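Student: Sharing a structure, written as structure tokens. Questions coming.
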């Protein structure tokens, strides 16, 4: 018997009794729109008129020539409204919230892109909005915090635990428990209790549907490999959805941090120190110790610094349907620099993980092969982290001068 909300051994909905009715309502409403072709038409229309879809599939000619192997294409989710794939999910959930008649939305965010997208959606649809963000991420993603607040959202720094993404998720659930009647939690990735993994993947599948149509129109054949970074897994689920054939290899790239042997990383599916557990309402691979306590994680990219992973990707991992690799902080910065200088494109640090692994593999492939890299977001939000990582002297001078102006 197939258990509801499970993907093989993963998934489920481990909920406190007080939230069961809310999740039942959410699942019922999601099933209605999922089976309503008019809803997808409404969703596609708003994404085209408000969020610049379809996003382009860019041939990276200079990188292709540089590596001398496979033809490299980039799916440009950085050109989506708010600068990342996150708008796909939040606009879909926003339409759902309108149908449910709720007036307030809350969300967690790590890199800030989901927070900005949620604040944008709330402003457009007229919802009150609260964003929970780990205090560590508030400091390293200050530009996104600024934009959230300017759009009317309340940004609440979370000081519990390690003060990163997992802690923001916990705080969001605490809020939801006390405000269920008026509030919907716009979970940002394909994790959490059912129906969130399926629902987020459903909205993000627009990426893969577009990419498939685009590559067939351009090249007349499917790619050999598709690369996507993996934090929770929403952008990966989005691009992978367009290529169900076994001959297309799906490659997810996790945060290798300072190296898998260092213990300072966020790799769940390609590291030996992850194990299956239950937390935050679902069952998947987590970075946890023998007592089930969650370990601290590290990534240069705030959006990948998460202790769990989508249960759907966990199933794909165990079935061998997807391959998972990791990229270190150093490799990510080098891939980012190369992409900027060769193509004039600035990937987010999250996305640059996918670029790093694709760059390792492209030279070993034939010139007749095609690969697609999903650029899940743009790097504007990472300017402080990137400038620090490449040790740019002019940037340091600028920051010092600005600090003197403010303190004058």
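Student: For the range 46-72 and the range 107-169, what is the separation of their C-alpha centers, rounded to whole Å?
Tutor: Distance between centres, Cα-based: 29 Å.
Student: Normalising by the residue count of the range 233-274, find the relative contact order in percent from Cα pairs under 8 Å and 6+ residues apart.
Tutor: After rounding, I find 24 percent.
Student: Which value at 222 nm does the chain reach when only helices count, each DSSP H run of 4 or more adding -39,500 (n - 2.57), with the total divided by all residues and rounded to the nearest 500 deg cm²/dmol?
Tutor: -14500 deg cm²/dmol
Student: Please express the shape of the range 158-266 as an equivalent ellipsoid: the semi-axes are the square roots of 5 times the eigenvalues of the C-alpha gyration tensor, given largest first in whole angstrom.
Tutor: Sorted largest first and rounded, they come to 32, 21, 9 Å.
Student: Using a Gaussian network model on the chain with a 10 Å cutoff between Cα atoms, which of 213, 246, 397 fluctuates the most?
Tutor: 397
Student: Also, quick follow-up: Could you tell me whether the chain comes out rounded, prolate or oblate from its Cα gyration tensor? Rule is a ≥ b ≥ c as square roots of the eigenvalues, rounded for a/c under 1.5, then prolate if a/b exceeds b/c, otherwise oblate.
Tutor: It is rounded, given that a/c, with a ≥ b ≥ c, falls under 1.5.
Student: On to the next question. Give the Rg (one decimal place) followed by the Dmax (whole number) of the range 43-107, computed from C-alpha coordinates and expressed in Å.
Tutor: Here Rg and the maximum Cα pair distance are 16.7, 54 Å.
Student: Let me ask something additional. Quick one: which of 351-361, 271-281 comes out on top by average Cβ neighbours within 10 Å, and what's the full order, highest first?
Tutor: By packing density, highest mean first, the sequence is 351-361, 271-281.
Student: Given the options 98, 209, 396, state which has the largest fluctuation in a GNM of the chain using a 10 Å cut-off (strictly under) for Cα springs.
Tutor: 396
Student: Springs between alpha-carbon pairs under 10 angstrom, Gaussian network model over the chain: which of 108, 149, 343 fluctuates most?
Tutor: It is 343.
Student: Hey, another quick one. Looking at the chain, what % of its DSSP beta bridges pair antiparallel, to the nearest 5?
Tutor: Of the beta bridges lying entirely in the chain, close to 30 percent run antiparallel.
Student: Going by a ≥ b ≥ c, the root eigenvalues of the Cα gyration tensor, does the range 292-350 fall in the rounded group (a/c under 1.5), the prolate group (a/b larger than b/c) or the oblate group?
Tutor: oblate
Student: Okay, next question. Radius of gyration and Dmax for the range 1-83's Cα atoms, expressed in Å?
Tutor: My reading of the Cα-based Rg and Dmax gives 20.2, 58 Å.
Student: Report, largest value first, the span of the C-alpha coordinates of the range 1-44 along each principal axis, in whole Å.
Tutor: Largest to smallest, the principal-axis extents are 34, 27, 17 Å.
Student: Taking Rh as the Kirkwood radius computed over C-alpha pairs, what is the Stokes-Einstein D of the range 233-352 at 37 °C in a medium of viscosity 0.692 mPa s, expressed in µm² per second?
Tutor: Rounded, D is 218 µm²/s.
Student: Please state the shape class of the range 93-240: rounded when a/c is under 1.5, otherwise prolate if a/b exceeds b/c and oblate if not, all from the C-alpha gyration tensor.
Tutor: Note, shape of the range 93-240 comes out prolate.
No lab work stands behind these numbers, since they all come straight from the coordinates. On a predicted model such as this, the values are computed, not experimentally measured, just so you know. Counting neighbours? That spans all protein chains shown, and the Cβs are built from the backbone with ideal geometry, glycine included.
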